[in-house]
Amino acid sequence: MKRTWLVVSLAVFVSLLLLFSLAFLFGRWEQLGGSKVALITVEGVILDSKEVIEQLERYRTNPSVKAIVLRINSPGGGVAPSQEIYEEILRSRQVNKQPIVASVGSLAASGGYYIASAADLIVANPGSITGSIGVLLQVPNISGLLQKIGVKSVVVKSGQHKDIASPTREMTDSERQLLQGMLDDVHNQFIDVVAKGRQLDRKKVEAIADGRIFSGREAQSLGLVDQLGNLQDAIERAGTLAGIRGKPTVIQERKRRPFLLDLVRGLNLFDIDLPIHPSLTLSVNYLLW
């Protein structure tokens, strides 16, 4: 009898071990167990949408993920990647009916708020910084410096505005009007998105869409935020929206860093995070912040 019990126990153990091994091998370990809430983070300047979109796609096809929390700590970034993430959030909500809750950390301004406005619900701390509904274009002008050092830029072009916003000369009035028209169009797109996502009157959004920032509490009073709370509050609210009973299980993809990177950080020899302001680049980038 004892021998039979031992054989059965061993068989069950081996079967479970094999199941977990296969799950890890094929990247499906997170589908084991009950209903879950997936946590996706958006950190820093939004310059590329690929990583966030891939996570949204994976969680959209994972039957155990019933809701998603988007943790945002971002001052904004490029218009196009922000719009791509926004559209992917809407797709997850519409196709799979997954509730998505945006959790504002220290900062979710401009492009960061653009993304948040696609969520079913926005949760922010009372002191979080958000808003900054506006568009900015910065063009460096080094013509004075080049003149001082005796360097002259010679441009050969096939169209009147092919070298628009060139850093080696002053901007003309017609070029300024063209760029202003483009930015006004993008600004109107931003206003439309906020008005639609937050179900606010467009005139009301226009009145505050001048680039100003708000605390989380101010944003709530204006209808830009639904609830005051921290990340855990956002996770619990997402679980409730998804119909998960009790405290939801949270899954999150872990970013793997090279061993030497972790070693250097551990030794604290120097700080290798060197943030570079996008306006320092000589290429023309219009940003949502």
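The values are calculated or read from the model by the stated rules, or taken from the named source; none is laboratory data. If you're wondering where the values come from, they're calculated on a predicted model, not measured in any experiment. Positions of Cβ are backbone-derived with ideal geometry, glycine not excepted, and every protein chain shown enters the neighbour counts. Heavy atoms of the whole protein, side chains included, go into the accessibility calculation; ligands, DNA and RNA do not. Shrake-Rupley method; radii C 1.70, N 1.55, O 1.52, S 1.80 Å.
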**Asked** Whose amide H sits under 5 Å from the amide H of residue 42, counting only residues 5 or more places off or on another chain, with H placed in the peptide plane?
**Response** 71, 72, 73
**Asked** What is the packing order of peptides 89-96, 70-77, 139-146, taking the mean over residues of other C-beta atoms within 10 Å and listing the highest first?
**Response** 70-77, 89-96, 139-146
**Request:** Kindly report the accessible area of the range 74-150 per residue (heavy atoms of protein chains, probe 1.4 Å, no ligands, DNA or RNA), in Å².
**Result:** 35 Å²
**Message:** Can you compute 3J(HN,Hα) from phi for each residue in the range 76-85, using the Karplus curve 6.51 cos²θ - 1.76 cosθ + 1.60 with θ = phi - 60°, rounded to whole Hz and x for Gly and Pro?
**Reply:** x, x, x, 5, 4, x, 5, 5, 5, 5
**Complete:** Plugging the Cβ-Cβ distance of residue 250 and residue 47 into 1/(1 + (r/R0)^6) at R0 = 22 Å yields, to the nearest 0.05, a FRET efficiency of 0.25
**Complete:** Pairs over 28 Å Cα to Cα, from 66/204; 36/204; 97/196; 50/196; 50/247, come to 66/204; 36/204; 50/247
**Request:** Report the calculated FRET efficiency for residue 91 and residue 171 (r = Cβ-Cβ distance, R0 = 41 Å), to the nearest 0.05.
**Result:** 0.60
